[in-house]
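FYI, it's all coordinate maths here, none of it is from the lab. Owing to the predicted nature of the structure, the values given are computational and were not obtained by experimental measurement. Note that we place each Cβ from the backbone using ideal geometry, even for glycine, and neighbour counts take in every protein chain shown.
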């Protein structure tokens, strides 16, 4: 197997991440849809499943907030997180924040007419914010990789 | 109307026979970043604009300009 240069490796990983981000968002969202359509009550979801969701949320949030690719050498990580990636990541975080706030406002409005448990609210807000950020980042990265 | 940054990176790169990947390596960024700047999708920082100009051996104002 030929040895990849740092630039080639960064290019490969960056493309792979662009492909993976929408897939991760769909997996993350479908996991939540299952909770709310089959269980109806979040209290009834087994602790193991909730813990798995929490771990996935933390990993996705860390990937959004840091350079990611934690097991790669520093020079590869630095190159992947170049100026364009940082701008795309920042834009995705902005979208995530705005969608989280919009979801929180929607839930707050809903509580005027119905009871919404705190745990369910947190779950919905986190899911909406993270998924929005992932989808936005994935879209921007895929667009950036597209040739003219 | 929003202002856009025009550039002739592709033209200058072609004159020097450089690929996007080679130019990216000279500037310490990924090919993706050079691609987005070339296509006008991404506006680079002053630092990166100067690095690009230096790598292509042209003054920065010859490489970038404001489009009305």
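For the reader, a short list of remarks on this structure follows.
- For the range A:78-148, the spherically averaged projection of the C-alpha convex hull amounts to 5.8 nm².
- Per the Cα gyration tensor, the range A:27-148 maps to an equivalent ellipsoid with semi-axes of 31, 17, 12 Å, ordered largest to smallest.
- Residue-averaged beta-carbon neighbours from other chains (10 angstrom radius) around B:35-42: 5
- Two-decimal Rg/Rh across the protein assembly as shown, once Rg and the Kirkwood Rh are taken from alpha-carbon atoms: 1.09
- Using 0.36 nm per residue and subtracting the Cα-Cα separation, the extra length available between residue A:94 and residue A:4 on full extension is 29.0 nm.
- Residue exposure sequence - A:107, A:58 - by fewest surrounding Cβ within 10 Å: A:58, A:107
- Counting beta carbons within 10 Å around each of A:66, B:43 and listing the fewest first gives the order A:66, B:43.
- Least to most buried among B:61, A:11 (fewest other Cβ within 10 Å first): B:61, A:11
- Using the Cβ-Cβ distance between residue A:16 and residue A:65 with R0 = 25 Å, the FRET efficiency computed as 1/(1 + (r/R0)^6) comes to roughly 0.80.
- Alpha carbon centroid spacing (whole Å) that separates the range A:89-148 from chain B: 33 Å
- Over 16 Å [Cα-Cα, the range B:4-57], rounded percent: 28 percent
- Shielding of peptide B:8-17 by partners, expressed as the average count of other chain Cβ atoms within 10 Å per residue Cβ, is 0.
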